[in-house]
Each structure stands twice: as structure tokens, then as C-alpha cells.
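The values are calculated or read from the model by the stated rules, or taken from the named source; none is laboratory data. Keep in mind it's a predicted model, so treat the numbers as computed, not measured. With ideal geometry, Cβ positions are generated from the backbone for all residues, glycine too; neighbour counts draw on all protein chains shown. The area values use the complete protein model at the heavy-atom level, side chains included, leaving out ligands, DNA and RNA. Shrake-Rupley method; radii C 1.70, N 1.55, O 1.52, S 1.80 Å.
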Amino acid sequence: MAPLADFPRRLAVLGSTGSIGRQTLDVVRAYPDHFVVVALAARGNVALLAEQAREFSPQLVAVTGQDDETRRQVAALLPGALAGIEGLIAAATHADVDIVVAATSGLIGLRPTLAAIAAGKTIALANKETLVMAGHLVTAAARRAGVEIRPVDSEHNAIWQCLRGERSSSVRRLLITASGGPLRSLSLERMRDVTPEQALAHPTWRMGPKVTIDSATLMNKGLEVIEAHWLFDLPFEKIAVVVQPQSIIHSMVEFVDDSIKAQASLPSMHLPIQDALSFPERLERAGTALARPLRWAEVAHLEFADVDQERFPCLRLAYAAGRRGGTAPAVLVGADERAVPLFLAGTIRLTEIAEVLEQVLATHAFVAEPDLDQVVAAGAWARDEVSRLCGQPVETV
Ligand code: MG
């Protein structure tokens, strides 16, 4: 396949050793004429980052982890690597980069993404916290800079595909699909005794532990509702969640004439990543090792169901935080970022995640129009507040 006129596209991959980062590099590997890696950044998996650096020969490598062990490994394996948030920002703003794949997890991606937008980079956004916490700042900055934010999250990428060629005034509502996670049909009582192992056993998607637990509680879906609100500039009444356990329909758009468009494929993050990187071109997948096509005859049946917000209170909390706006979503993200590891460590029950989030949301000092520092401070406060509520030492991050 001959490279297209505006290829190769030059990438910075922030979070290259995480699940999305590794799959982004799979896409680069499958289309060497289309994509070039200019910068790689990761937190603490120095061994894998060094391997990636050997394979893709980026111009810049950054490691954000600052602990002694990480520093030791960097000195041994990647002596030229930049350190800390400054390294991440340098990767995001490198002069040779066309597209920044923002795939770090949690709060750390916020400043580098804003820096990339200010530098005029196209953003392939996989880090949902960025839009959830600071959607008002990020979308305003993108508008100012004339920068496009392309969704990598499978649901939002599906919606983005369904919206192509449509007018926003034609949209009645977005239907974000949810697999329902491993606890989809569990009763509220049994939900209390769910172990980390059970919650980590996602039926259809292989992902990192934080997002897998967020999928089990439907917090992930709640964050995706807020993300969709900012990405597609629609009010929360126009964003619905539909359970689709097979993860074949990745989301849908319902139009004012009752027509519904759905995007379907076998569950694989390679496709939305590839779409965000290659748009408006679609790249031929036959002959690559990335996936196989969906055959409808192999899909025995497709189910759809409404979400029970009684059993999944995190979804209700996310809608409420999204509607309230201001610092509320940042508090939700910060609190969840701390509560999930406490569940994984056996300190709190799964059902206590929503309880502590609700408590922290109720007590925080709300700011209606926060600037970036206030957003970050609200998230950090929430994280510490969860630690205090759960009798844990407050971490310095
Ligand atoms: Mg998703």
C-alpha cells in the first residue's frame, strides 16, 4: 500500500507503556509507512520503554516517575531520558510532532495535553480525565488554537464516526454503550462482597486495572458521559447509556428523524486508535496482524438493556457531577483515582467506592469556574480526602 499524501504522521505517545500506548505502537508497527514515532513518554516501566525506544528510535524519551528505583533504572537503561512533568510536556510539544496520543492515566495528562494544544498539535485523546476534569479549559483552548481533539476512547470514537457528514442540529441524543462489566447481573447485596479478582475479570475488554474496576462500577461509563458532553458539545439530557454486553456496538447516535447510526466491530482498541491517527483516511486492515473483521453470522445475538442506577451509583454520581460542572468532576476523578487502589488493596469494599465519592463530593469547596490550578488542586484535595476518610496515610504525588 502506497503511503497517502499527508503521511507519514509523526507521533508523540504519552503513556507508551500502558494499554493504549502499547496498542498505539502496534498500529505504528502495522503501518510503518504511515506513522513515525517522534517521542515516547511513560511513568515507571523503564524496561519496556527502553525496549520501545530501541525499536522505534524516537528523538525524545521521557520518564515521569521520580522514585529512586525508577531513577536507577533510567540511569542504567535510558540515560538520555528527560524526567518529570517537564519531560512529558517536552514530548507533547516537540516541534516535529503532528499528533499527540494522550494516553497517560489519571491527572498527569492534563498539563501536557494543554501544552500540546497551545503548540497546535492534533490530539488523539485517550486520557478521559483530561476532558472530564477540565473540559471547559481544554475545549476553549482547542477552539482558540484551531486544534482538533480526536477521540480514541472506543465509545467516543464510534460516535465521532457516526457523526461524520451530519449536522449537530440533527442529533437527538447519543447512546453510549456499556458492556455492563463483570458485575452486570449481580444483586446489590452480593455487590458488597465482590473481590478485586472478580471485579478485574472483564468479560469483553482487556484493559489496565484502574479502568477495569471503573468498568465494574460503571464509573468509567460515567466519566465517558462527561467526556462526551465536552467532545460533542451536547447537554447531559442528550447523552444516554445503554448496556450492550457483547461489546459489538461501540455506541450510537439517534437523529431527530428517528434514524439511529451505530458503529460496530469486534472489540479491539486498535481500530479506534488507528481511526484517530489516520482520519480522514481509512487504512486497509487485511494483511495486518491487528484484528479480524466482524462477521455478523458469528454474532449469535445482540442484547440491549437499561442501566440500573441503584446498583451502579457511580453512574448517577457522574451525571450529577457533570451537570454541576465547575470543580465537581475533578473531585470525582481525584477521589476515584484514590478509592480504586484502596479497593484493590482490600482496604475498602467495592460498594464503598461510591460511598466515599459521594461523601467527598458533598464536602468539597465548590468552585464554579475553576482555572487549571484550581482544577488540579480540587483533584488532589479529593484524593487526599479519600485517604483520610479511609484511615490511610496521605500520599505526596
Ligand atoms: Mg471506553
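Tell me the residue from I226, I248, I260 that is touching a helix residue (DSSP H, G or I) at 6+ places or on another chain (Cβ under 8 Å) and assigned by TED's automatic domain parsing to the domain that holds L175, please. Break it down into steps so the answer makes sense when it comes.
Values: I248 fails: touching a helix residue (DSSP H, G or I) at 6+ places or on another chain (Cβ under 8 Å); I260 fails: touching a helix residue (DSSP H, G or I) at 6+ places or on another chain (Cβ under 8 Å).
Just one listed residue meets the conditions, I226.
Residue pairs, Cβ under 9 Å, 6 or more apart or interchain, first in segment 230-251 and free of Cβ contacts under 8 Å to residues at least 24 places away in the same chain, second open to solvent by 30 Å² or more (accessible area, probe 1.4 Å) and not in a strand (DSSP E or B). List them.
So the pair list comes out as P235/H229; P235/R323.
Look through A118, A178 and report the one residue that is within 16 Å of the ligand (Cβ to nearest atom) and touching a Lys or Arg at 6+ places or on another chain (Cβ under 9 Å).
A178
Here is a check on your reading of the model: is T104 away from the ligand (no atom under 15 Å from the Cβ), under 17 Å from I20 (Cα atoms) and in a loop (DSSP other than H, G, I, E, B)?
Working: away from the ligand (no atom under 15 Å from the Cβ): yes; under 17 Å from I20 (Cα atoms): yes; in a loop (DSSP other than H, G, I, E, B): yes.
It is true that T104 is away from the ligand (no atom under 15 Å from the Cβ), under 17 Å from I20 (Cα atoms) and in a loop (DSSP other than H, G, I, E, B).
On the given criteria, is L49 closer than 26 Å to W160 by Cβ and either within 16 Å of the ligand (Cβ to nearest atom) or within 21 Å of the chain's Cα centre (by Cα) (or both)?
On the way: closer than 26 Å to W160 by Cβ: no; either within 16 Å of the ligand (Cβ to nearest atom) or within 21 Å of the chain's Cα centre (by Cα) (or both): yes.
No, not satisfied.
From V394, V360, which residue is among the aliphatic types (A, V, I, L, M), open to solvent by less than 50 Å² (accessible area, probe 1.4 Å) and not assigned by TED's automatic domain parsing to the domain that holds Q246?
Working: V394 fails: open to solvent by less than 50 Å² (accessible area, probe 1.4 Å).
The match here is V360.
Would a scan of segment 272-279 turn up a residue that is open to solvent by less than 40 Å² (accessible area, probe 1.4 Å) and closer than 16 Å to G222 by Cα? Please lay out each step first, then the result.
Restricting attention to segment 272-279, the residues satisfying the condition of being open to solvent by less than 40 Å² (accessible area, probe 1.4 Å) are 272-278.
Imposing the further condition that a residue be closer than 16 Å to G222 by Cα reduces the set to none.
No, segment 272-279 contains no residue that is open to solvent by less than 40 Å² (accessible area, probe 1.4 Å) and closer than 16 Å to G222 by Cα.
Can you name the helices (runs of 4 or more DSSP H) wholly within segment 320-397 that have at least 2 residues being among the aromatic types (F, W, Y) and touching a residue at least 60 places away in the same chain (Cβ under 8 Å)?
Numbers: elements: 328-344, 350-363, 372-389.
Once the helices (runs of 4 or more DSSP H) in segment 320-397 are filtered for at least 2 residues that are among the aromatic types (F, W, Y) and touching a residue at least 60 places away in the same chain (Cβ under 8 Å), nothing remains.
In segment 195-206, how many residues are open to solvent by 30 Å² or more (accessible area, probe 1.4 Å) and either away from the ligand (no atom under 15 Å from the Cβ) or of a type in the set (D, E, K, R) (or both)?
Going through segment 195-206 one residue at a time, the tally reaches 6.
So which residues in segment 59-68 are surrounded by fewer than 19 Cβ atoms within 10 Å (Cβ to Cβ) and touching a residue at least 12 places away in the same chain (Cβ under 8 Å), if there are any at all?
Hits for segment 59-68 are Q59, G65, Q66, D67.
Is one or more of the residues making up segment 35-42 assigned to a helix (DSSP H, G or I) and of a type in the set (V, I, T)? I'd like the intermediate steps shown before the answer.
Let us first name the residues in segment 35-42 that are assigned to a helix (DSSP H, G or I), namely none.
No, because not a single residue in segment 35-42 is assigned to a helix (DSSP H, G or I) and of a type in the set (V, I, T).
Out of the residues in segment 222-250 meeting the condition of being in a helix (DSSP H, G or I) and more than 14 Å from the ligand (Cβ to nearest atom), tell me which one is surrounded by the most Cβ atoms within 10 Å (Cβ to Cβ). First the steps, then the outcome.
Taking segment 222-250 as the starting set, the residues that turn out to be in a helix (DSSP H, G or I) are 222-232, 236-238.
Filter again for more than 14 Å from the ligand (Cβ to nearest atom), leaving 229-230, 232, 236-238.
On the way: H229: 24, W230: 22, F232: 18, F236: 16, E237: 8, K238: 14.
The qualifying residue surrounded by the most Cβ atoms within 10 Å (Cβ to Cβ) is H229.
Those residues that are open to solvent by 40 Å² or more (accessible area, probe 1.4 Å), of a type in the set (A, V, I, L, M) and modelled with pLDDT of 95 or more, I need them from segment 84-112; list them, please.
At the first step, the residues of segment 84-112 found to be open to solvent by 40 Å² or more (accessible area, probe 1.4 Å) are 85-86, 89, 93, 95-96, 98, 105, 108, 111.
When the remaining residues are screened for being of a type in the set (A, V, I, L, M), the result is 85, 89, 95, 108.
Hits for segment 84-112 are I89, A95.
Say we look at segment 326-355 and pick out the residues that are over 22 Å from T130 (Cα atoms) and aliphatic (A, V, I, L, M); which of these is surrounded by the fewest Cβ atoms within 10 Å (Cβ to Cβ)? Outline the logic, then answer.
To start, the set of residues in segment 326-355 that are over 22 Å from T130 (Cα atoms) comprises 342-352, 355.
Of the ones still in play, those that are also aliphatic (A, V, I, L, M) are 342, 344-345, 348, 350.
Details: L342: 20, L344: 17, A345: 10, I348: 21, L350: 22.
Step by step, filter segment 326-355, then rank; the result is A345.
Among (1) outside the structural domain of T122 (by TED's automatic domain parsing); (2) without any contact (Cβ under 8 Å) to a residue 40 or more places away in the chain, which single condition is R143 missing?
Result: R143 passes all but (1).
When only residues in segment 207-221 that are closer than 17 Å to T104 by Cα and assigned to a loop (DSSP other than H, G, I, E, B) count, which is farthest from the ligand (Cβ to nearest atom)?
Ranking the qualifying residues of segment 207-221, first place goes to G208.
Could you tell me whether any residue of segment 301-319 is closer than 25 Å to T212 by Cβ, in contact with a His (Cβ under 7 Å, 6 or more places away or on another chain), without any contact (Cβ under 8 Å) to a residue 60 or more places away in the chain and in a helix (DSSP H, G or I)?
Taking every residue of segment 301-319 in turn, none turns out to be closer than 25 Å to T212 by Cβ, in contact with a His (Cβ under 7 Å, 6 or more places away or on another chain), without any contact (Cβ under 8 Å) to a residue 60 or more places away in the chain and in a helix (DSSP H, G or I).
Among the residues in segment 304-312, are any touching a strand residue (DSSP E or B) at 6+ places or on another chain (Cβ under 8 Å), surrounded by 15 or more Cβ atoms within 10 Å (Cβ to Cβ) and not assigned by TED's automatic domain parsing to the domain that holds T130?
Of segment 304-312, the ones touching a strand residue (DSSP E or B) at 6+ places or on another chain (Cβ under 8 Å) are 304-307.
Among the residues that remain, those that are also surrounded by 15 or more Cβ atoms within 10 Å (Cβ to Cβ) are: 307.
Right, trim to not assigned by TED's automatic domain parsing to the domain that holds T130 and you get 307.
Checked segment 304-312: at least one residue is touching a strand residue (DSSP E or B) at 6+ places or on another chain (Cβ under 8 Å), surrounded by 15 or more Cβ atoms within 10 Å (Cβ to Cβ) and not assigned by TED's automatic domain parsing to the domain that holds T130.
For the list (1) open to solvent by 60 Å² or more (accessible area, probe 1.4 Å); (2) in contact with a strand residue (DSSP E or B) (Cβ under 6 Å, 6 or more places away or on another chain), I need the number of the one condition that A41 fails.
Unmet for A41, out of (1) open to solvent by 60 Å² or more (accessible area, probe 1.4 Å); (2) in contact with a strand residue (DSSP E or B) (Cβ under 6 Å, 6 or more places away or on another chain): (1).
Residue check, P32 against (1) open to solvent by less than 10 Å² (accessible area, probe 1.4 Å); (2) farther than 19 Å from K121 by Cβ, all met but one. Which one?
Answer for P32: the failing condition is (1).
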